[in-house]
Each structure stands twice: as C-alpha cells, then as structure tokens.
Amino acid sequence: MRLTLRVWRQKSPTDPGRMVQYEARNVSPDMSFLEMLDVVNEELTLKGEDPIAFDSDCREGICGMCGFMINGVAHGPRRGTTVCQLHMRKFKGGDALYLEPWRARAFPVIKDLVVDRSAFDRIIAAGGFISVPAGSAPDGNVILVPKQNAEIAMDAAACIGCGACVAACPNASASLFTGAKITHLGVLPQGQPERYDRVVRMVAQASAELFGSCTNIGECEAVCPKEIKLETIARMNRDFIKASWSTRGGPDTNGAGG
Ligand code: SF4
Ligand code: FES
C-alpha cells in the first residue's frame, strides 16, 4: 500500500521546523511503523537527503526509546502499544499520516521527531531508587511481600519512561510517570525507609522541570503503552500530602500534581 506522510522536520533545537510531505510506497501490512520509516529513510538517503530522525532501540516495546505523535495521538491509534510495536496493518492504503514529536516545554525537540527526555532522568535521580542496603536477591526473597502489593508494584514498574503521558496531557504533566515510579517503590517493604522523602523530592523535581500539574483529564492513561493506571497519581498525591503533614504540621498540596 501507499501512504502520504506529513512529517515534522526540524534541523536543530533552534530551527523553527515545518511539516514536510513524503510518499511511503510499497508498504507491507506486516512492517512495523518504524520499519516503514526505515524504508522512507533509505529512499531519502539514496537521494542525498537528510533522513527523518526518530528514536528507537529495542523495537519490542520494552526500552521506552521510541515515541512520537501519529495524527495527534501519542504512539498512534492502537491502545497499549508503542510505536515500534505498531504494525502497518492498522492503516489503510491512501491514508495521510501526520507525524510530530512530543510537544512539551520540558521535552525540547533535538531534531525532527527526537526530543530531549533527560528531565525524566532528573526526576528519577531525585528519588526513584532505594539507597538503604537491600541485600542480594536471596535476601530480598526473605522479606515477604503481600501478593496484592507485589502486583501493584509490578504493574507500576512496567512504565518504560517513554514520555507519551506528558505529550498527551494538555498540561504536559509528568504525573503518570512520576506516580508510577513512586508507586512501584512505595508499596514494597524495601521502599518504606525513604517513602515520604522520595515523594517530596521527586514531585519537587517534576515541578522544577516545568511539567504541568495534573487535573485528572486522563489522556495519559489512555495513551500509555504500558497501561499505567491513574491510581498511581492518587497514590503519589496521598503520600505527598502525608509527607507534608508530617514535616510541616499541615497539608500542602502545592506542586503535588507536578
Ligand atoms: S507512564 Fe506510560 S506513557 Fe508515561 S512514561 Fe511511563 S510508560 Fe510511558
Ligand atoms: S524501541 Fe524500545 S520501546 Fe520502542
């Protein structure tokens, strides 16, 4: 099949950027979306043109590197699917597809469809870890974890840090990502010693990175390829308020949604 692509081309962070039209020919329904772009890029390279820049690594939905908007939807039209796992059978011959990078102040465009997501790394560095000695794997197994907590932690730990939640949110909030990271440590016994410091530090960092606040719109959950639930945001906010009560003697929700 044949498709028309309108792709955001931006040479550098300071370039104003513009949409450029390309034809994708001989597209097999079995190709992944990124393989289709690889073919377009081969043609561009053979013509001496600059290939379309996009991020990818594992191409099996686990690393979080890929991601851009397809017709205004983060990761495209298939729920619970990264763009590297999206196949061209989801589209029809003759379709016109608009490809754009994640749009958020905290994710500046580096080139074309590639954005700088190092703000996420700084949120993790602010507290998304356990710094008390947790022992080796056998020691970990000595600490019994209630099944329900283990399942909540595992579901939250599925977040791959792709950034689709931020791109889909009208507030460009990082709450789903931050809430997932806080949840996956905060419900396990090993995460308890730093639980409340962690939430304060990570929420403060998210605010400092200029991500917006959560207003419970839910677009993040709808586009998340790992189907992270809004409940993780509720857990983050609850822990943040508890932390504020214990350190300041009263609730302080300032920045709790960041
Ligand atoms: S919460 Fe979902 S959409 Fe957001 S970074 Fe994690 S995996 Fe991606
Ligand atoms: S390339 Fe790794 S998740 Fe898409």
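The values are calculated or read from the model by the stated rules, or taken from the named source; none is laboratory data. Treat the numbers as computed from the prediction; the structure is a model and nothing was measured. Here the Cβ is made from the backbone with ideal geometry for all residues, glycine too, and neighbour counts use every protein chain on show.
Look at region 167-191 and say how many of its residues are of a type in the set (A, V, I, L, M) and closer than 12 Å to Met202 by Cα.
Step one: filter region 167-191 for residues of a type in the set (A, V, I, L, M), giving 167-168, 172, 174, 176, 180, 182, 185, 187-188.
Next cut, closer than 12 Å to Met202 by Cα only: 174, 180, 182.
Qualifying residue count, region 167-191: 3.
Beta carbons closer than 7 Å, at least 6 apart along the sequence or on distinct chains, pair a first residue in region 220-245 that is touching a residue at least 24 places away in the same chain (Cβ under 8 Å) with a second that is surrounded by fewer than 22 Cβ atoms within 10 Å (Cβ to Cβ) and basic (Lys, Arg) for Glu221/Lys229; Asp239/Arg195. Does Gly135 satisfy being farther than 26 Å from Val109 by Cβ, in a loop (DSSP other than H, G, I, E, B) and either free of Cβ contacts under 8 Å to residues at least 24 places away in the same chain or out of contact with any helix residue (DSSP H, G or I) (no Cβ under 8 Å at 6 or more places or on another chain) (or both)? Spelling it out, Gly135 is indeed farther than 26 Å from Val109 by Cβ, in a loop (DSSP other than H, G, I, E, B) and either free of Cβ contacts under 8 Å to residues at least 24 places away in the same chain or out of contact with any helix residue (DSSP H, G or I) (no Cβ under 8 Å at 6 or more places or on another chain) (or both). The set of residues from region 1-52 being closer than 24 Å to Thr81 by Cα and among the aromatic types (Phe, Trp, Tyr) comprises Trp8, Phe33.
Per-residue answers, yes or no, for (1) in contact (Cβ under 8 Å) with a residue 12 or more places away in the chain; (2) in a helix (DSSP H, G or I); (3) of a type in the set (Ser, Thr, Tyr); (4) under 25 Å from Arg79 (Cα atoms):
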| position | (1), (2), (3), (4) |
| --- | --- |
| Lys11 | yes, no, no, no |
| Thr14 | no, no, yes, no |
| Asn41 | no, yes, no, no |
| Asp57 | no, no, no, yes |
| Gly61 | yes, no, no, yes |
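Tally time: how many residues in region 199-216 are without any contact (Cβ under 8 Å) to a residue 24 or more places away in the chain and crowded, with 20+ Cβ neighbours inside 10 Å? Within region 199-216, residues that are without any contact (Cβ under 8 Å) to a residue 24 or more places away in the chain and crowded, with 20+ Cβ neighbours inside 10 Å number 0. Could you go through region 140-154 and let me know if any residue there is of a type in the set (Gly, Ala, Ser), touching a residue at least 40 places away in the same chain (Cβ under 8 Å) and surrounded by 13 or more Cβ atoms within 10 Å (Cβ to Cβ). The answer is yes; a qualifying residue exists. Scan region 110-139 for residues that are over 20 Å from Ala204 (Cβ atoms) and either crowded, with 18+ Cβ neighbours inside 10 Å or not small (Gly, Ala, Ser) (or both) and jot them down. Result: Ile110, Lys111, Asp112, Leu113, Val114, Val115, Asp116, Val132, Pro133, Pro138, Asp139. Here is the figure for region 78-111: residues that are closer than 23 Å to Arg2 by Cα, more than 16 Å from ligand 2 (Cβ to nearest atom) and either in a loop (DSSP other than H, G, I, E, B) or among the hydroxyl-bearing types (Ser, Thr, Tyr) (or both) total 6. Name the single residue that is farthest from the chain's Cα centre (by Cα) among those in region 16-39 being free of Cβ contacts under 8 Å to residues at least 60 places away in the same chain and part of a strand (DSSP E or B). The residue in question is Glu23.
Considering (1) within 18 Å of Arg198 (Cβ to Cβ); (2) not in a loop (DSSP other than H, G, I, E, B), the lone condition that Gly127 does not fulfil carries the number (2).
Screening the candidates Glu209, Glu221 for the property of being acidic (Asp, Glu), within 12 Å of the chain's Cα centre (by Cα), within 14 Å of ligand 1 (Cβ to nearest atom) and modelled with pLDDT of 95 or more yields one hit, Glu221.
Of the helices (runs of 4 or more DSSP H) contained entirely in region 141-218, those carrying at least 3 residues that are within 16 Å of ligand 2 (Cβ to nearest atom) and under 28 Å from Arg103 (Cα atoms) fall at 164-168. The numbered conditions (1) on the phi < 0 side of the Ramachandran plot; (2) within 15 Å of ligand 1 (Cβ to nearest atom); (3) crowded, with 20+ Cβ neighbours inside 10 Å are all true for Val73 except (3).
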